[in-house]
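Just below is one structure, and these are the notes that go with it.
The values are calculated or read from the model by the stated rules, or taken from the named source; none is laboratory data. All values reported here derive from a predicted model rather than from experimental measurement. Reconstructed Cβ throughout: ideal geometry from the backbone, glycine too, with neighbour counts over all protein chains shown.
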Amino acid sequence: MSSLRKSSLVLKTSDITPTPAVVQGYYSTPTVLNVTNVISGTIALTTLIYGTGTVTSQATLNSSTGGTGTVTVVGQTAATPVTGNFSTLIGTTLYQTPTTSEVGSSISNTGVLTLGGANANVAIGQYLSGTGIVAGTYITGGAGLTWTVSNNTTVATTQIYFYTPVNILLGQVVIGTGIPTGSVITAGPTYNATYGIEYTMSLTTTANVNSEAMNFYTLSTINCLSLSDASVTNGIGTCNQTRTKFTFNNINLRTVLGDMYDKSDIFNLCLNTISSSVPSLSPSLDANNLIVSMKLSGLPLLNQTYDTGVQHNQNSTNIGVFQFSTTASNTVYYNSTNICTFSKNSDICALTIEYLRVIDNLNPNTLGTYQTPISSVFPHAIFVFDVIGIEKFNNQILFK
């Protein structure tokens, strides 16, 4: 059997994180996120995080109702839409507006298109529509007044319409005056001999609009976490709204301590290191809200639970002081000099850590004599502890 006298315990607040809401949407500008569908969860009237930016919801959006709405965004990159001129003429079908047209034009039985007049807007790759033209006919080559087309069906002198294809993708959301909110492209392009290029939208609502410029955005799936409510209960533990008090459940001391568990009845829990992440938003502009003592409970503590404020022992002890930054991460090395001693009474325990302001010993989200409550949740933190067994020898206790 080994003579192990030391082990480590690592507690991570990121293990106790709410399940994010999942939405579909697009950033129309760097400050506007358009939510077209809430896939799961709820976006409440709170500040939220989307990737590296933050937003404030303008309405409660919930997956049970699908959820569409606009939220204000900070620090995002706007999506670049595909644009094109379209109109809806029948039901949910979008018809592209012609790029140009030319009267007195004809197509020969050899596939030669002859324009009725000079037209600088005619180009290779354009699709054609007009009386007698086969759907899907497009220009394959040529210049000036003479062009070749993909179909050699004879078309007598007529007015021909020319359409420049737009790179629209299935699933893109359609934005235009009169277009119902949440409309997306479900089919296309198809080619109509009369109306040219056409696409089908998802909604059954008829959207009758005049020819106009429309935008087409590719939807992204985005995870949303609240910056004002970190409360959660999961298989790892529980966390309060502001991430200033959290409990780690079902810590197996026998597994953590190894053979020390049977060799010793008393142990020293020694704080080694604390590291905090970069806050998404500063919890407070008042530094006194960010300088906190850390109260640990959940172990049968020995000889360090006396509280001078109430003049009796409590079930918790102070394991150290830490200062959170408003804009950066922070790491403090305690080198296991902050020690609390506990006895062994159960294999399984739950450890709770709570932040209390040094200035008044209140939770940072509490209105105190000197401070106002914090404005957003505290950043994630990781706590590294050393656990040292106090070994029994010849009826004496030796501190190793």
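Quick notes on this one:
- Residues in the range 297-314 that are of a type in the set (S, T, N, Q) and surrounded by 13 or more Cβ atoms within 10 Å (Cβ to Cβ) were compared, and the one that is farthest from the chain's Cα centre (by Cα) is ASN313.
- Selection status of VAL292, among the β-branched types (Val, Ile, Thr) and loosely packed, with under 14 Cβ neighbours inside 10 Å: no
- Test for VAL73: is it modelled with pLDDT under 95 and assigned by TED's automatic domain parsing to the domain that holds THR42: yes
- SER228 meets all of the listed conditions (1) assigned to a loop (DSSP other than H, G, I, E, B); (2) farther than 24 Å from ALA21 by Cβ but one, namely (2).
- Residue check for ASP262: among the acidic types (Asp, Glu) and part of a loop (DSSP other than H, G, I, E, B): no
- Residue list for the range 352-400, filter: small (Gly, Ala, Ser) and either in contact with a Gly (Cβ under 8 Å, 6 or more places away or on another chain) or modelled with pLDDT of 95 or more (or both): ALA381
- Among the residues making up the range 70-104, those that are within 18 Å of THR164 (Cα to Cα) and either in contact with a Pro (Cβ under 6 Å, 6 or more places away or on another chain) or among the small types (Gly, Ala, Ser) (or both) are GLY84, SER87, SER101.
Conditions tested, residue by residue: (1) more than 16 Å from VAL387 (Cα to Cα); (2) free of Cβ contacts under 8 Å to residues at least 40 places away in the same chain; (3) outside the structural domain of ILE359 (by TED's automatic domain parsing); (4) touching a Lys or Arg at 6+ places or on another chain (Cβ under 6 Å).
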{"position": "PHE248", "(1), (2), (3), (4)": "yes, no, no, no"}
{"position": "LEU269", "(1), (2), (3), (4)": "no, no, no, no"}
{"position": "SER284", "(1), (2), (3), (4)": "yes, no, no, no"}
{"position": "GLN314", "(1), (2), (3), (4)": "yes, yes, no, no"}
{"position": "PHE324", "(1), (2), (3), (4)": "yes, no, no, no"}
{"position": "THR327", "(1), (2), (3), (4)": "yes, no, no, no"}
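- Filter pass, VAL332 being modelled with pLDDT of 90 or more, surrounded by fewer than 17 Cβ atoms within 10 Å (Cβ to Cβ) and hydrophobic (A, V, I, L, M, F, W, C): yes
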